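A.B. asks: One structure is given below, represented as structure tokens, and several questions about it will come after.
The values are calculated or read from the model by the stated rules, or taken from the named source; none is laboratory data. Computed from a predicted structure; not experimentally measured. Every residue, glycine among them, receives a Cβ derived from its backbone with ideal geometry; neighbour counts consider all protein chains shown.
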């Protein structure tokens, strides 16, 4: 082995060992907090998201929605995220559309505004997250099923007409955050039929001021592996940008989709 190779290995070892120690220290702090959140805060949250919580209002917000925000904000903090919000959620019914990087996206938006999301049916089987999502009003869609898509669209219109905020990720899946894929226009038909505005929401996760590519699922990762890995990651900033609402008009759903995507691309500073 050459002297340069020996020197390189010696230089690398302290950084690697230090990184491993730091990760285990983070687990040592965060795992007990996570168990506390589940064992103590979860039962209280379930009480508050019951029908009782739907009848009680605190200002312009149902107690159930306040409980969802409280739970989600706590979960983000346990994972080491400092959430920063830009802009304001629209009041009343709206179709909320966002770029999609991680399962954390729902928790990030919920930490600021309770939204009834449309999500893939697989999430319903995820431990804890899927069960909580159902209690929060999540609408599940079976991918590849035309029948499921039709019933989900009808349910979305009904909830929007009832005054709810319904959230969806129009890219159709997660990305690595380096770009925003084309939005599926058919999703926006619900806003047209219900006569409600569309609010674009831009999401990003930053480490030392830069986009962190380690937040999305890495190749071959399951939900459990991603969950455990993120629990040990360094502290990060999670940004949520509530952007200017778009009103349905005679241009139709495609123009709504293009306009919402353009707003998010500009907020994230991506090239078109």
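A.B. asks: So, in segment 48-71, of the ones that are loosely packed, with under 12 Cβ neighbours inside 10 Å and part of a helix (DSSP H, G or I), which residue ends up modelled with the highest pLDDT?
C.D. replies: Going through the qualifying residues, I end up with 55.
A.B. asks: Which ranges mark the helices (runs of 4 or more DSSP H) fully within segment 170-272 that have 1 or more residues being under 19 Å from the mean Cα position of the chain (by Cα) and modelled with pLDDT of 95 or more?
C.D. replies: Result: 223-231, 253-268.
A.B. asks: Within the group 231, 268, which residue is in contact with a helix residue (DSSP H, G or I) (Cβ under 9 Å, 6 or more places away or on another chain) and on the phi < 0 side of the Ramachandran plot?
C.D. replies: After applying the criteria, what remains is 231.
A.B. asks: Kindly list the number of the only condition in (1) closer than 23 Å to residue 104 by Cβ; (2) in contact with a helix residue (DSSP H, G or I) (Cβ under 8 Å, 6 or more places away or on another chain); (3) surrounded by fewer than 16 Cβ atoms within 10 Å (Cβ to Cβ) that fails for residue 217.
C.D. replies: (3)
A.B. asks: Here's a follow-up. Name the residue, out of 195, 209, that is surrounded by fewer than 18 Cβ atoms within 10 Å (Cβ to Cβ) and closer than 11 Å to residue 95 by Cα.
C.D. replies: On the way: 209 fails: closer than 11 Å to residue 95 by Cα.
None of the other options fit; the residue is 195.
A.B. asks: While we're on this one: Which one of these is under 15 Å from residue 100 (Cβ atoms) and surrounded by 13 or more Cβ atoms within 10 Å (Cβ to Cβ): 204, 229?
C.D. replies: Exactly one of 204, 229 is under 15 Å from residue 100 (Cβ atoms) and surrounded by 13 or more Cβ atoms within 10 Å (Cβ to Cβ), namely 204.
A.B. asks: Turning to a different aspect of this structure: Read through the list (1) touching a helix residue (DSSP H, G or I) at 6+ places or on another chain (Cβ under 9 Å); (2) over 14 Å from residue 167 (Cβ atoms); (3) part of a helix (DSSP H, G or I); (4) modelled with pLDDT of 95 or more, then give the number of the only condition that residue 41 fails.
C.D. replies: The single condition residue 41 does not satisfy is (4).
A.B. asks: Does segment 83-103 hold any residues that are under 19 Å from residue 263 (Cα atoms) and in a strand (DSSP E or B), and which are they?
C.D. replies: 84, 85, 86, 94, 95, 96, 97, 98
A.B. asks: Answer yes or no: is there a residue in segment 74-88 that is in contact with a helix residue (DSSP H, G or I) (Cβ under 7 Å, 6 or more places away or on another chain), surrounded by 13 or more Cβ atoms within 10 Å (Cβ to Cβ) and over 30 Å from residue 23 (Cα atoms).
C.D. replies: No, every residue in segment 74-88 fails to be in contact with a helix residue (DSSP H, G or I) (Cβ under 7 Å, 6 or more places away or on another chain), surrounded by 13 or more Cβ atoms within 10 Å (Cβ to Cβ) and over 30 Å from residue 23 (Cα atoms).
A.B. asks: What do you reckon, is residue 123 closer than 26 Å to residue 190 by Cα, modelled with pLDDT of 85 or more and in a helix (DSSP H, G or I)?
C.D. replies: So residue 123 fails the test.
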